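These notes concern the structure reproduced below.
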Amino acid sequence: MTEFRFRVWEFVRVMVRLESAPARRTGKSGPSFYRVHREAWEKLDRRLGRLAESDAEAFSDLMMNQHVTAAFETPRQMREVSAALDGVVAEMSREIDKGGDAEHLASLDNEIKGLGALKRRLNAQRP
């Protein structure tokens, strides 16, 4: 088992991507990352929803400055998260290619850079 530390916004991006992925089920090689961490994700998602409606500063602090530690029980789970990151980055890149508001595009570009750094950290921990 490998523990990994995500910033909350990184964990949110991964879990949102995995929510609709078929890999979220339990397969021959054990439960998916999503399934193992679903309860913690749902609790965090509810908390973020409440803060988004009531306290923008606390919401921002939680998203950007707080962390989630999650365990990878199998190499497959690490691959799932890596593939989810690839999917999120590809989606953001397509959105950038469409153009639009410069501030929004710059924000997407910064997120892509952050997710790239996350993927490098994840790859450095792969067995």
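Key figures for this structure:
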quantity	calculated
Which listed residue, of Met78, Met92, is of a type in the set (A, V, I, L, M, F, W, C), closer than 20 Å to Thr2 by Cβ and under 14 Å from the mean Cα position of the chain (by Cα)	Met78
Cβ pairs under 8 Å, 6+ apart, first in the stretch 101-127 and loosely packed, with under 11 Cβ neighbours inside 10 Å and modelled with pLDDT under 95, second among the polar types (S, T, N, Q) and not in a helix (DSSP H, G or I)	Pro127/Thr2
Yes/no for Val89 being surrounded by 15 or more Cβ atoms within 10 Å (Cβ to Cβ) and more than 19 Å from Trp41 (Cβ to Cβ)	yes
Failed item in (1) modelled with pLDDT of 95 or more; (2) touching a helix residue (DSSP H, G or I) at 6+ places or on another chain (Cβ under 7 Å); (3) of a type outside the set (Asp, Glu); (4) part of a helix (DSSP H, G or I), with Ala70 passing the rest	(4)
Residue in the stretch 20-41 that is modelled with the lowest pLDDT, counting only those that are surrounded by fewer than 12 Cβ atoms within 10 Å (Cβ to Cβ) and part of a helix (DSSP H, G or I)	Pro22
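Here is a yes/no grid of residues against (1) of a type outside the set (Asp, Glu); (2) within 16 Å of Met15 (Cα to Cα); (3) not in a strand (DSSP E or B):
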site	(1), (2), (3)
Ala52	yes, no, yes
Ser60	yes, no, yes
Glu80	no, yes, yes
Ala84	yes, yes, yes
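The values are calculated or read from the model by the stated rules, or taken from the named source; none is laboratory data. Computed from a predicted model, the values in this text were never measured in an experiment. Note that we place each Cβ from the backbone using ideal geometry, even for glycine, and neighbour counts take in every protein chain shown.
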